[in-house]
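Trainee: After the structure tokens below, expect a handful of questions from me.
The values are calculated or read from the model by the stated rules, or taken from the named source; none is laboratory data. Bear in mind the structure is a predicted one, so any value in this text is a computation, not a measurement. A quick note on method: Cβ atoms are made from the backbone with ideal geometry, for glycine too, and the neighbour counts reach across all protein chains shown.
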Amino acid sequence: MEPKNASVSPKPLESAPLAYENPEFIDSPDARMLRIMSEYYEPMARFRRERIQDTVVFFGSARFDSLDEANEQLALLDNTGSVQLAPHAEQPARAGEEETSELKHKRAEAAVEMARYYEDARTLARMMTEWSMKLPGRRHRFVITSGGGPGIMEAANRGAYEAGGKTIGLNIKLPFEQRPNPYITPALNFNFHYFFMRKYWFAYLAKALVVFPGGFGTLDEMFELLTLDQTHKLSKPITIVIYGSSYWKSVIDLQLLADKGAIGVKDLDLFQFADTPEEAFAILKDGLTKNHLSAGASDEGTVPDEPQVSAQEMLGPDIAKTLS
């Protein structure tokens with residue numbers, strides 16, 4: 001019996017896509033490990049290329065603007081990092097409105113308060129960057145790092161940008177629309193899919209943390225790093241400043257945690273409160289100098305003075321060059 005397709009020639013096949021250029025595979029569960037590894041190796045390569053040795057991380061709310069913008073047009077974001085405004089009923093009260101709800105009055109007061117924190121974060125980041133840029137060496141020390149979005153994150157990147165330094169934005173891909181703030185150094189503008197990989201890069205390079213007023217995300221990130229410090233999972237000492245004592249002491253009673261035995265009394269020494277940029281700067285400078293700049297506090301070997309060579313340059317002719 002003659003084979004079914006003996007008289008029919010198959011159509012020529014197009015070349016199959018390379019595995020790493022096949023979006024169906026790359027986006028599949030089978031390639032999850034590759035995606036995770038990419039969010040480790042790609043930032044690592046960029047940090048080494050830009051000679052970033054360590055960072056100072058700023059956490060805080062994404063929802064509030066600078067003082068100028070708050071005065072000009074009060075706005076409240078629908079979600080952290082979103083460009084969508086919250087519903088009209090939740091927006092702060094504006095000058096000239098005939099009828100305003102109690103919620104709108106509260107939002108207006110909060111907008112002014114949070115605008116002050118924006119300006120404080122901007123000032124502190126500028127002070128830190130101006131100081132760190134004067135440190136000797138060809139590696140960039142204590143680079144200001146944020147979550148890459150608006151609000152306090154933008155303020156931190158903006159202050160570093162205004163000082164003329166490099167500044168890092170570790171953004172996250174979320175279901176709602178968002179965009180990185182414009183003050184991030186382009187070569188250090190990152191976007192992550194996995195929260196845990198983003199948190200890894202927050203923690204891995206951080207030598208200091210400043211926590212400005214914020215919501216769920218800020219609380220999550222703050223306690224993540226406090227727990228790592230508490231359990232000695234960080235390889236180097238970290239200086240933690242909680243900024244805005246009146247805000248944070250009304251949000252959570254950390255002293256009560258110690259009084260009830262939920263944490264040790266000595267765990268309260270893991271952080272310090274600050275209420276002005278000058279006070280926070282003094283705490284940060286003292287901690288960073290003592291732990292990472294003084295005699296015996298060497299961080300050598302973390303990042304090379306020169307940009308990292310590629311595998312081809314490192315291994316030489318044993319790896320054949322390709323055309324692409």
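Every residue, every condition in (1) under 26 Å from Tyr118 (Cβ atoms); (2) without any contact (Cβ under 8 Å) to a residue 24 or more places away in the chain; (3) more than 21 Å from the chain's Cα centre (by Cα), yes or no:
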{"site": "Asp229", "(1), (2), (3)": "no, no, no"}
{"site": "Pro237", "(1), (2), (3)": "no, no, no"}
{"site": "Ile242", "(1), (2), (3)": "yes, no, no"}
{"site": "Trp248", "(1), (2), (3)": "yes, no, no"}
{"site": "Ile263", "(1), (2), (3)": "no, no, yes"}
{"site": "Asp267", "(1), (2), (3)": "no, no, yes"}
{"site": "Phe281", "(1), (2), (3)": "yes, no, no"}
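Trainee: Further question on the same structure: Only residues in segment 13-38 that are in contact (Cβ under 8 Å) with a residue 60 or more places away in the chain count as the first member; pair them with residues that are surrounded by 12 or more Cβ atoms within 10 Å (Cβ to Cβ) and part of a loop (DSSP other than H, G, I, E, B), Cβ under 7 angstrom, at least 6 apart or cross-chain, and list the lot.
Mentor: Filtered contacts from segment 13-38: Arg35/His193; Ile36/Tyr194.
Trainee: Okay, moving on. Run down Phe271, Phe216, Phe196 and say which single residue is aromatic (Phe, Trp, Tyr) and surrounded by 13 or more Cβ atoms within 10 Å (Cβ to Cβ).
Mentor: Phe271
Trainee: Looking only at helices (runs of 4 or more DSSP H) that lie completely in segment 216-281, which have at least 1 residues being in contact with a helix residue (DSSP H, G or I) (Cβ under 8 Å, 6 or more places away or on another chain) and among the charged types (D, E, K, R)?
Mentor: 216-230
Trainee: Can you list the strands (runs of 3 or more DSSP E) lying wholly within segment 116-193 that have 2 or more residues being at pLDDT 95 or above and closer than 16 Å to Val210 by Cβ?
Mentor: The strands (runs of 3 or more DSSP E) meeting that bar are 143-146, 167-172.
Trainee: If you go through segment 3-52, how many residues are assigned to a loop (DSSP other than H, G, I, E, B) and closer than 23 Å to Leu188 by Cα? Don't jump to the end; show me each part of the working.
Mentor: The first filter runs over segment 3-52 and keeps only residues assigned to a loop (DSSP other than H, G, I, E, B), leaving 3-18, 22, 27-28, 50-51.
Next, from what is left, pick out any that are closer than 23 Å to Leu188 by Cα: 50-51.
Summing the residues that are assigned to a loop (DSSP other than H, G, I, E, B) and closer than 23 Å to Leu188 by Cα in segment 3-52 gives 2.
Trainee: Consider Lys285 against the criteria (1) modelled with pLDDT of 95 or more; (2) in contact with a Leu (Cβ under 9 Å, 6 or more places away or on another chain); (3) not β-branched (Val, Ile, Thr): it satisfies all of them except one. Which criterion is unmet?
Mentor: (2)
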